1. With unit charges on the beta carbon (Lys/Arg positive, Asp/Glu negative), name the residue among GLN20, GLY34, TYR44 whose Cα is farthest towards the positive pole of the charge dipole of the stretch 5-88.
2. Give me the accessible area per residue for the chain, probe 1.4 Å, as a whole number in Å².
3. From largest accessible area down, sort LEU140, LEU12; use a 1.4 Å probe on the protein chains.
4. Looking at ALA99, SER81, PHE55, which one has the Cα that reaches farthest to the positive end of the dipole of the chain (charges on Cβ: Lys, Arg +1; Asp, Glu -1)?
5. log10 I(q)/I(0), Debye, Cα-only the chain, no solvent, q = 0.13, 0.16, 0.17, 0.18 Å⁻¹?
6. Roll a 1.4 angstrom probe over the protein heavy atoms and tell me the percent of accessible area of the chain that is carbon or sulfur.
7. Using unit Cβ charges (K, R positive; D, E negative) and no other charged atoms, how large, in debye to the nearest 20, is the dipole of the stretch 17-143 about its Cα centre?
8. Just going by the charge dipole of the stretch 77-143, with Lys and Arg at +1 and Asp and Glu at -1 on Cβ, which of PHE131, GLY143, ASN121 is farthest out on the positive end?
Amino acid sequence: AATPTWVEAESLSDAVAAYQSAQKAEARVRLVSGNTSIGVVKYYNSHPNDHPDVFVHIGNLKELLAVESTADGVRVGAGVSLANLIKALEGSNTQRGGAIGRHLRLVANHQVRNAGSWAGNLEMARSHPDFPSDVILLLLSAG
């Protein structure tokens with residue numbers, strides 16, 4: 001197997017261009033932030049996304065790292081780590097946000113919560129339906 005290509009996107013438009021270019025070349029492409037799923041996918045049925053030809057790193061894109069307090073809770077970008085999501089929820093002005101944040105502390109371990117994004121967890125559950133994602137359950141219950 002060939003060594004996958006790693007693309008470090010410097011902007012959202014870079015990420016989109018790299019993704020589209022890989023798709024046009026019929027390469028398997030994967031967007032990654034913390035890439036923590038690499039240690040988990042081996043326990044589940046294989047998915048084409050598990051073995052990409054191209055990794056597009058989006059973990060440093062400011063547009064995806066935004067955290068905003070709102071009257072109803074928080075709004076977070078897809079690249080926000082689980083640890084930063086926890087901080088935002090626990091610091092929110094809602095009782096529900098604090099409860100969800102406390103439960104998210106039970107997900108994975110400290111290192112994974114610091115590196116892995118909440119959206120990456122959702123993608124892991126999408127591509128591996130047998131992956132038990134507390135993150136999905138908590139976000140769905142939040143409404």
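1. It is TYR44, whose Cα lies furthest towards the positive end.
2. It amounts to 60 Å² per residue over the chain.
3. From most accessible down to least: LEU140, LEU12.
4. Positive-most Cα among the choices belongs to ALA99.
5. For the requested q values the scattering log ratios are -0.60, -0.88, -0.97, -1.06.
6. Heavy-atom surface of the chain belonging to carbon and sulfur, 1.4 Å probe: 54 percent.
7. 200
8. Farthest along the dipole direction, towards plus: GLY143.
The values are calculated or read from the model by the stated rules, or taken from the named source; none is laboratory data. The model shown is predicted, which means the values in this text are computed figures rather than measured ones. Positions of Cβ are generated from backbone atoms using ideal geometry, with glycine treated the same way; all protein chains shown enter the neighbour counts. Areas reflect the complete protein model, heavy atoms only, side chains present, ligands, DNA and RNA absent. Shrake-Rupley method; radii C 1.70, N 1.55, O 1.52, S 1.80 Å.
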